[in-house]
Amino acid sequence: MKKVGSVLVVGAGIGGSQASLDLGDAGYKVYLVESTTSIGGVMAQLDKTFPTNDCAMCIVSPKLVETGRHQNVDLFINVEILDVKGEAGNFTVKILKKTLHVNVDKCTGCGICGRECPVEAIDIFNEGLARHSATSVKYPQAVPLVYAINRDYCIGCGICLGVCKAKAVEYGMEDEIMEINVGAIILAPGFDEYIPPEGNKYGYGKFKNVVTSIEFERILSASGPYSGKILRPSDGDVPEKVAFLQCIGSRDYRDGQPYCSSVCCMYTTKEAIIAKEHMNLLNPTIFSMDIRAYGKDFDKYIHRAQEEYGVRYIRSRISHLEEDPKTQDLIVTYEDETGIIAKEMYNLAVLSVGLNPPNDAVYLSEKFGVDLNEFNFVRTDIFNPVQTSRAGIFACGAFTSPKDIPETVTQASAAAGCVNQLLHDQRGTLITEKSLPPEIFVAGQPPRIGAFICHCGINIGGYVDVPEVTRYAGTLPNVVLADRNLYTCSADTQTIIKEKIKEYNLNRVIVASCTPRTHEPLFQETIREAGLNRYLFQMANIRDQCSWVHMHEPEEATRKAKDLIRMAVNSAREIQPLERIRLSVTPKVLVIGGGISGMVAARNLAFQEFETYLIEKGSVLGGHARNIYTTLEGGNVQEYLSNLINEINSNKLIHVYTQAKIENIEGYIGNFKTSIIHGEKKEKVKFKHGVVIVATGADEYEPTEFLYGKDDRIIKQSEFEKLINTTDDIRKKKSVVMIQCVGSRNTEHPYCSRMCCAEAIKNAIKTKELNPETEVIILYRDIRTYGFKELYYRKAREAGIFFIRFDETKPPEVRVEKDNLKIIVENPKIGKISIDSDMIVLSVGIVANGVENEEMGKMLKVPLNEDNFYLEAHVKLRPVEFATEGIFLAGLSHCPKSIEDSISQANAAVSRACTILSKDEIEAEGKVACIDITRCSGCGMCVENCAYNAIELILDRRFGLVASINQVLCKGCGACSGNCRCSAIDILGFTGEQIYEMITGRVE
Amino acid sequence: MSFEPRILGFLCNWCSYAGADLAGVSRIQYPPNMRVIRVMCSGRVDPQFIFEALQQGLDGVYVMGCHIGDCHYLEGNHEAIKKFNMVIKFLSIVNLENRVRLDWVSASEGVRFSELVSEFIQDIKNIGPSPLRRDCPDKRLMEKLKAIERAAASDRIRALVGRERKITEQENVYGEKVSQEIYDELLNTAIHDEYIRSRILILLEKEPKSVKDIAAEIEIDPNKVLENILVLKGRAQVDMSEIVDITPIYVRT
Amino acid sequence: MNEAAIENKGEIKQWNPKIIAFLCNWCSYAGADLAGVSRIQYPPTIRVVRVPCSGRINPFFIIKSLMDGWDGVVVSGCHPGDCHYISGNLVARRRFAILKDLLDFFGIEPERVQFMWASAAEGERFAVLIKKITKLMRKVGPNDRFKKKW
């Protein structure tokens, strides 16, 4: 069967969107289908994100807009999957496009229909806290911004048809069945949150002041129904005492799911912090069994919550809530760690609900023919967490297991990376490049400006006197045409604009309508089609920032609209055509680090016929994985590793250099030059490559505590793993005590090493299997078996392994006695105990190699975090790349993580790299910084301010030391220009001249 | 105790008014308590007229039109029924529903006219004078009635009532009929919501108040008040002005 | 009664200062858009100049605006940590801290130049801040010191 160069992505949350963007950028045709009416998923509902407290909407909406507009991504909303046939490389999928009764092409999202609709229905997006009408859009920043009629509520009164000036309402519109042909499928349907059933012990649904965490998220949101004020539902008062109850529906064998939902400890902490930030008189308390802050910088976040925000953590699981009927306050009864039972009153209780598989998981599994696990999450390969049971179908995000945003984004790219591997030879076959007329030469000509002013139905026209504004625009200098349209964005107006450009010889175009954030690209495309350079365009926002916010002052609004248009005209006069710089790409890759991450990346790249240089500082490949025999889930690591090494060694496109050291890397995205020395003879090699993948790994902590090294019965977890997997010694041991968090979560290494709990449990279970007589005791601070790993924690307890908690401030004490090892540990509940044992196993953490990372960081100009791990470009949405373009990141050098996650990250890095490698040349954005070196004093301020390493100081023959800007790396933020003391740097497209003209254009 | 009720009649030009004239021509006697306003059709009687009349302290309002099928304007009286139903629903909230009545009288029914009018006057006499009579109007009730007047004028209610016949008796935009039960439920919810919202607005127009204060005045659950405050906030009709201690205070914008 | 009529009743026509607002594209400009989409009303006193990042804003822009007779200047960027360009808003923050002192030295009322943060989700906050700044500017009065007199 012939392979097809297109991909179906199911579900358009952050995961689906990321996968679509990756694949679209890499030259595949993408069909992105979404069951609801807009994209963004759960992330768009969130107020802030942990652990950076980034505003979720700020970071996600540009991505959603990009997805909605991508020329290779076809987005279908309100879709149902009917049938899937075929095999990897060539599937035929039948989909049902359910009618919205609104013409997506015509709807401008103005929302008049929603306001006029007499039927108020529940607003799904705000979790039932606010009301919306039967015609509604999920949220104000939705992509695509179209309204949809909800037939469940609509009574067919016809009012919306009457009020819609865009004539977008079409009641007769019917469902449509479509058949699409794709080479691969990515499933990203996300999750559904656990909803406590009727009659639950927490009184959810009965007590008004009990809300779920996702409802609380909407309460917190500045654009939510309470506009960021925290009020309790019963009477609208500010709740002074808020209780957060963890593990609702998670780690619960009776009423919920037995697994851990992975994200609740963190999102609750975030909600507590943000709540405190929004309303200082609020005091949050979190009741939880363990605090599972296992991710990068998570523990620091918990610390901040405690220290800076006074968030109180109580180690107790709450089983039920009572209500004081008079005040509607809630009574929490709990047993604290020391065994004392206490009762406390709270004004509001938030249930931290777990993540369930999506409600339609079974349906999806039947349609796509993929297996589910016992909880109805999709079953994935043990070493490749994005590979489903069916070839050619991949999954990512919370559908594979509960997970947070960066892991979802990583998996989304990983799935795209796997699709790349499958379909690489079909890349670019199904996408069409638009043919455009040559650009008209306008430089040096006097500006001839055309202004198009939009009525936007009545959205602008109802409040701003558009004819008057148009007349006024026509009087402004250089404006040769001022025209007005009912909808400037409609398809027929685009034709009109193009005709007018020819008729009037326009060389600048202004549109006064809505916001450039969503509509600038559309109009730029239009003028480009008419032969004008796309930057000869300027927008005046007279709707979102004028008519809509001054609805009761039409005169002032009209005056403001005139001002805004005049400012736009003044700016337009100064615009110059810009060129997007094009750069050739060397389709080769440097992978630094020969561990699992590096090798997986190299294998994937070589499979796609990209020549790859894999360099390893040690003498053999394998990295950290050489110490690991199995995964907790039972995967055979050594077998996987040796197969992988064989594949690497036998692939002609992979050049492996061991005992290698990088001498120098120079260049930038698409064009790097690297020289290394390698081997015992220190041979020198030089090569060119287009991207870099950093996968340098990390080290095991070398303990000095607990008498390690003083007695050979005290060993590290990896040594213990070797012992039980290669010898029979364990049969002789009566007792083994494991101590957790050795070299983790302390002042020196304030982070969690994430895998030690799982490793300890894995080896403890294995010990019990080998010799049930051996007593195994695990001394821990928190057991962080997130996700499905929780099941093994339970299994370990059932196998008779003892878990004893100790407090950070009171670590266990180890003594060597004659034949015995003695461990004294203090448990908050049972007090001091002393244990005799004949083996002590230290679960040591993962530490970054600070010296090497710093050296490499300097060479690549990439930053490290406080713990010497590499710092990615964006903690949430760009987890596998650096701010410096063309450099990617995978594996332990990013932060401690499991083998599976490292593999995902490696594939993700490949996918991100493919968006560059798949092109012959890359195009940089035209709005970038430029420098007038005759003015530059070479002070170097701009170099320091540039977050993208796009500026360096060079020695000019005539002017000495001057700044030089690499426009390929420049993002056009302007931090350099704003600080330049000599006004030597300007930002094309936002030039100082343009802005000064806008400022001075005030005179009236 | 007997009193002389003051009753306002809205009579349609073509049937009821003619019927009243006939009663006169035939010298049929009936009590003098009703004052008549002639309208072209019973469908012309805007619910606002009725609420206004009650606010003026009138003891009863009688709307009369042609018999169904006889409307000079074909279907005006059908519309009158729908509007009147809505009026009744609203007035039930304040127990004033029996002070208004709708009946059909043809041009030839002079006797029927006088009988109906006499009957209505007697009924009103039995109920007693309006609590809103000008000399000592019940202020709380007046406020409620004002809220009703405002709620009934809202786009939402008028849109629903205006489309009722089309969607329940003929066909809606999808070529379907909406059952009367579903429609009634929608209308009831809408009436309830809009009434509460109007009450909140009227209260806030007097002075800033908290959710709990409002709840105490309207005598509904504070939770319901909060819900509706949020809707009004979304419509930019109210705003939070300050937080006193732990209680937010809302103002009319 | 007509709702708009109620809204307008009793409002006395006030002097509307002319304020130029430099908004970063990713957070504040989006927040201003959200205020519009949510129809949150605020006084018609600002004229917006969209810039990629608050870091783009040259102190000259602000000084030039004041010299040109704008009554006030608003500079709004992403919240610290939210910057689309990683650290542009922090660069801006440092820069404007110094500028504030300089303005004071010039004898310009420091209230005329306002720095704020607004995220893409904070439409309401944006409107509230503009209301506040407008009120403040009304108190400070017209900026006619630089009016050309010839």
Q. If we scan region A:856-879, do we find a residue that is touching a strand residue (DSSP E or B) at 6+ places or on another chain (Cβ under 6 Å), of a type in the set (A, V, I, L, M, F, W, C) and within 24 Å of residue A:427 (Cα to Cα)?
A. no
Q) Taking helices (runs of 4 or more DSSP H) that do not extend beyond region B:141-253, which have at least 1 residues that are facing another protein chain (nearest Cβ under 7 Å), farther than 30 Å from residue A:160 by Cβ and of a type in the set (D, E, K, R)? A) B:211-218
(Q) Taking the conditions exactly as written (within 14 Å of another protein chain (Cβ to nearest Cβ), in contact with a Pro (Cβ under 9 Å, 6 or more places away or on another chain) and surrounded by fewer than 18 Cβ atoms within 10 Å (Cβ to Cβ)), does residue A:172 satisfy them or not? (A) no
Q) Can you tell me which of A:451, A:416, A:473, A:482 is farther than 29 Å from residue A:535 by Cβ and at pLDDT 95 or above? A) A:416
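Among the candidates A:869, A:882, single out the residue that is touching a Ser or Thr at 6+ places or on another chain (Cβ under 8 Å), among the aromatic types (Phe, Trp, Tyr) and either crowded, with 24+ Cβ neighbours inside 10 Å or under 23 Å from residue A:601 (Cβ atoms) (or both).
Just one listed residue meets the conditions, A:869.
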Q) How many of the residues in region B:68-82 are within 15 Å of residue B:13 (Cβ to Cβ) and either touching a helix residue (DSSP H, G or I) at 6+ places or on another chain (Cβ under 9 Å) or surrounded by 19 or more Cβ atoms within 10 Å (Cβ to Cβ) (or both)? A) 6
Q. Could you say which residue among A:250, A:227 is part of a loop (DSSP other than H, G, I, E, B) and touching a Pro at 6+ places or on another chain (Cβ under 9 Å)?
A. A:250
Q. Identify, please: which residue in region A:816-833 is within 23 Å of residue A:731 (Cα to Cα) and more than 45 Å from the chain's Cα centre (by Cα) and is, among those, surrounded by the most Cβ atoms within 10 Å (Cβ to Cβ)?
A. A:821
Q.
Tell me which strands (runs of 3 or more DSSP E) are completely within region A:778-845 and hold 2 or more residues being in contact with a strand residue (DSSP E or B) (Cβ under 7 Å, 6 or more places away or on another chain) and aliphatic (A, V, I, L, M), or say none if there are none.
A. A:813-816, A:821-827, A:831-837, A:840-844
Q: Tell me which residues, restricted to region A:548-561, are more than 8 Å from chain C (Cβ to nearest Cβ) and crowded, with 23+ Cβ neighbours inside 10 Å.
A: A:561
Q. Is there any pair linking a residue in region A:431-442 that is farther than 10 Å from residue A:533 by Cα to one that is of a type in the set (S, T, N, Q), with Cβ under 6 Å and at least six apart or on different chains, and which?
A. A:431/A:72
Q: Give the residue, chosen from C:112, C:145, C:94, C:138, that is surrounded by fewer than 19 Cβ atoms within 10 Å (Cβ to Cβ), basic (Lys, Arg), over 28 Å from residue A:140 (Cα atoms) and at pLDDT 90 or above.
A: C:138
Q. What residue, among those in region C:1-33 that are in a loop (DSSP other than H, G, I, E, B) and at pLDDT below 85, is nearest to the other protein chains (Cβ to nearest Cβ)?
A. C:1
Q) Restricting region A:274-290 to residues that are surrounded by 22 or more Cβ atoms within 10 Å (Cβ to Cβ) and hydrophobic (A, V, I, L, M, F, W, C), which is farthest from the chain's Cα centre (by Cα)? A) A:287
Q: Considering (1) over 26 Å from residue A:990 (Cα atoms); (2) in contact with a strand residue (DSSP E or B) (Cβ under 6 Å, 6 or more places away or on another chain), say which one residue A:914 fails and leave the rest.
A: (2)
Q. If only one of A:934, A:1000 is within 21 Å of residue C:22 (Cα to Cα) and not assigned by TED's automatic domain parsing to the domain that holds residue A:536, which one is it?
A. A:1000
Q. Any idea which of A:341, A:314, A:318 is under 24 Å from residue A:828 (Cα atoms) and either acidic (Asp, Glu) or free of Cβ contacts under 8 Å to residues at least 12 places away in the same chain (or both)?
A. A:341
Q | Which numbered condition residue A:85 fails, given (1) touching a helix residue (DSSP H, G or I) at 6+ places or on another chain (Cβ under 6 Å); (2) in a strand (DSSP E or B) | A | (1)
Q. Taking residue C:73, is it assigned to a helix (DSSP H, G or I), at pLDDT 85 or above and within 11 Å of another protein chain (Cβ to nearest Cβ)?
A. no
Q: Pull up region A:55-86, narrow it to residues that are of a type in the set (Lys, Arg) and more than 30 Å from residue A:1 (Cα to Cα), then point me to the one that is nearest to the other protein chains (Cβ to nearest Cβ).
A: A:63
(Q) Given the criterion assigned to a helix (DSSP H, G or I), within 14 Å of another protein chain (Cβ to nearest Cβ) and within 20 Å of residue C:91 (Cα to Cα), identify the matching residue among A:970, A:976. (A) A:976
Q. Here are some conditions: (1) more than 14 Å from chain B (Cβ to nearest Cβ); (2) more than 18 Å from residue A:273 (Cβ to Cβ). Residue A:210 meets all but one. Which one does it not meet?
A. (1)
Q | Residue satisfying all of: in region A:528-547; in contact (Cβ under 8 Å) with a residue 60 or more places away in the chain and within 13 Å of chain C (Cβ to nearest Cβ); nearest to residue A:930 (Cα to Cα) among these | A | A:542
Q) If you check A:855, A:923, which single one turns out to be charged (D, E, K, R), over 24 Å from residue A:610 (Cα atoms) and surrounded by fewer than 21 Cβ atoms within 10 Å (Cβ to Cβ)? A) A:855
Q: Take region C:34-56 and flag every residue that is within 14 Å of residue C:77 (Cα to Cα), in a helix (DSSP H, G or I) and facing chain A (nearest Cβ under 7 Å).
A: C:55, C:56
Q. Of all residues in region A:149-169 being in contact (Cβ under 8 Å) with a residue 40 or more places away in the chain, farther than 20 Å from residue B:162 by Cα and surrounded by fewer than 23 Cβ atoms within 10 Å (Cβ to Cβ), which is nearest to the other protein chains (Cβ to nearest Cβ)?
A. A:151
Q: Can you work out which of the residues in region A:950-966 that are surrounded by 19 or more Cβ atoms within 10 Å (Cβ to Cβ) and either part of a loop (DSSP other than H, G, I, E, B) or acidic (Asp, Glu) (or both) is nearest to the other protein chains (Cβ to nearest Cβ)?
A: A:950
Q) Within region A:212-253, can you find the residues that are among the β-branched types (Val, Ile, Thr) and buried (at least 24 other Cβ atoms within 10 Å of the Cβ)? A) A:219, A:242, A:248
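The values are calculated or read from the model by the stated rules, or taken from the named source; none is laboratory data. The structure presented is a predicted model; accordingly, all values stated were derived computationally and were not measured. Backbone-built Cβ (ideal geometry, glycine too); neighbour counts: all protein chains shown.
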